[in-house]
Amino acid sequence: MKVLLLNHESKLGGATHSLIALVIALRNLEVETLVVFPCMSCELVRILKKESVNFIVHKYCWSVYSGGRSSKIKNYILRFLSYLSILFLVPRVFNFKPNIIHSNSLVIDAGAVLAQLMNLPHIWHAREFVDLDHGLKFHHKRKYFEYVERCSDSVICISNSIKDYLSQYIAHKSLITIYNGIDKKFDSGYVSTKSFSSPVKLAILGRVTESKGHFDAVKAVQMLSKSKEHDFHLSIIGPIDKYYLDTLNKFINDNNMPEKVLIYGPRNDVHTLLREYDILLMCSRSEAFGRVTVEAFLSNVNVIGASSGATSEIMINMMHGMTYEYGNHTQLASKILSLCKNKKLQNALRIAAYNHACKNFTSNRNAHLIHDLYHTL
């Protein structure tokens, strides 16, 4: 079987990491793949070459936009040019002779157009809410999702939260939930009974943008700085939205917290870096899945997350981690402090979370389920 996969970006975001893990795992199931992405990225090319993944670069644009009227008009023009560009993609992939075309994101429709031109089955992978999590805008939301349903043989949802959201617009029979698979490099191979550091090391990983809820974490650390029992340091790691960063830095400096909160850019060694922390904070307003949450499970790191989006779906409160009400930094601070005081609970949550991740969120399980789906088309 041959599958052509179209990615929406050349950055190493969560969806791209999931795509790479899927392609590598599918190879063991005798599925040959060709990955297409829209612009050159040295880091992505390096990884794909290292993993011997076949790829081509071909220009196409997103079907959604951010900003106001000018951004909307610009996207209309780019989409028209994108459709013309896809005509030239057909001969580039023709010799590969794919059996299936698989779009790795809802924000692009290049795969759907290509599948129609080549008369091939098409799978659309819903890895985001689009508007709720990333704040992106549709030209005509309901019509776009009608188009997604019409041009898909199946729509893979990475969580039931996304499936429930899309079921408002897309027939339930077209939707299937298949959780993301996390690369085995995050698997520590054992469950640790480590004690928390002094100071306690907190981390929030992922894109540094408003929807990820960094202010919950920073304000919680501000409250915890008054604790006489523990000292806390927070590391913020991920690609940065500059405007949001300026707002965040102003709050940190105004409250004399630069030594308590450290902001880093993106890191390529997250799988080893993560194990240095005691607690991962998942403060996202509407997390579509939460790769970082599962990566923490596998890395023996306790997790406290907002009870919104898919976080409360993949992490049951007081079984795999602890949850708090999104936006309630006082409650978050209280949960952090109570976890620090209870070593027995720390270990129990880590053990349950590790076993939960190994059972449900491996790249092999993800690939087998998608492989089975391919064979139904």
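The values are calculated or read from the model by the stated rules, or taken from the named source; none is laboratory data. The shown structure was predicted, so the numbers you read here are calculated from the model rather than taken from an experiment. Cβ placement follows ideal geometry from the backbone for every residue including glycine, while neighbour counts extend to all protein chains displayed.
Selection within the range 338-377: residues that are in contact with an Asp or Glu (Cβ under 8 Å, 6 or more places away or on another chain) and closer than 30 Å to Ser227 by Cα. The member of this set that is surrounded by the fewest Cβ atoms within 10 Å (Cβ to Cβ) is Lys341. Taken together, Leu337, Leu373, Leu369 contain a single residue that is of a type in the set (A, V, I, L, M, F, W, C) and more than 26 Å from Ser152 (Cα to Cα), which is Leu337.
Looking across the range 31-53 at every residue that is of a type in the set (D, E, K, R) and closer than 25 Å to His368 by Cβ, the one that is nearest to the chain's Cα centre (by Cα) is identified as Glu51.
Counting only residues that are in a loop (DSSP other than H, G, I, E, B), in contact with a Lys or Arg (Cβ under 7 Å, 6 or more places away or on another chain) and crowded, with 21+ Cβ neighbours inside 10 Å, the range 15-63 holds 2 of them.
Here Glu229 clears all of (1) touching a helix residue (DSSP H, G or I) at 6+ places or on another chain (Cβ under 7 Å); (2) surrounded by fewer than 16 Cβ atoms within 10 Å (Cβ to Cβ); (3) touching a residue at least 60 places away in the same chain (Cβ under 8 Å) except the condition numbered (1).
Only one of the numbered conditions (1) crowded, with 19+ Cβ neighbours inside 10 Å; (2) not assigned by TED's automatic domain parsing to the domain that holds Lys194 is violated by Tyr326, and that is (2).
Residues in the range 298-320 that are farther than 14 Å from Ala203 by Cβ and crowded, with 23+ Cβ neighbours inside 10 Å: Leu298, Ala306, Gly309, Ala310, Thr311, Ile314, Met315, His320. Kindly provide the set of residues from the range 263-318 that are charged (D, E, K, R), out of contact with any strand residue (DSSP E or B) (no Cβ under 8 Å at 6 or more places or on another chain) and under 27 Å from Lys242 (Cα atoms), ordered by number. Of everything in the range 263-318, just one residue is charged (D, E, K, R), out of contact with any strand residue (DSSP E or B) (no Cβ under 8 Å at 6 or more places or on another chain) and under 27 Å from Lys242 (Cα atoms), namely Asp269.
Scanning the range 235-246 for residues that are surrounded by 13 or more Cβ atoms within 10 Å (Cβ to Cβ) and free of Cβ contacts under 8 Å to residues at least 40 places away in the same chain turns up Ile236, Ile237, Gly238, Ile240, Asp241, Tyr244, Leu245.
Pairs are defined by a Cβ separation below 6 Å, a sequence spacing of at least 6 or placement on different chains, a first member in the range 247-267 that is more than 17 Å from Gly213 (Cβ to Cβ) and in the same structural domain as Ser225 (by TED's automatic domain parsing), and a second member that is assigned to a loop (DSSP other than H, G, I, E, B) and hydrophobic (A, V, I, L, M, F, W, C); no pair meets this definition. Kindly establish whether His8 is touching a residue at least 60 places away in the same chain (Cβ under 8 Å) and part of a loop (DSSP other than H, G, I, E, B). Against the criterion (touching a residue at least 60 places away in the same chain (Cβ under 8 Å) and part of a loop (DSSP other than H, G, I, E, B)), His8 qualifies.
Scanning the range 250-272 for residues that are modelled with pLDDT of 90 or more and surrounded by 15 or more Cβ atoms within 10 Å (Cβ to Cβ), we see that the one that is nearest to Leu166 (Cα to Cα) is Ile263.
Note on the range 171-194: residues that are in a loop (DSSP other than H, G, I, E, B) and modelled with pLDDT of 90 or more amount to 5.
The rows are residues; the columns are (1) crowded, with 21+ Cβ neighbours inside 10 Å; (2) more than 20 Å from His371 (Cα to Cα).
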residue: Val155; (1), (2): yes, no
residue: Ser167; (1), (2): no, yes
residue: Lys173; (1), (2): no, no
residue: Thr177; (1), (2): no, no
residue: Gly189; (1), (2): no, yes
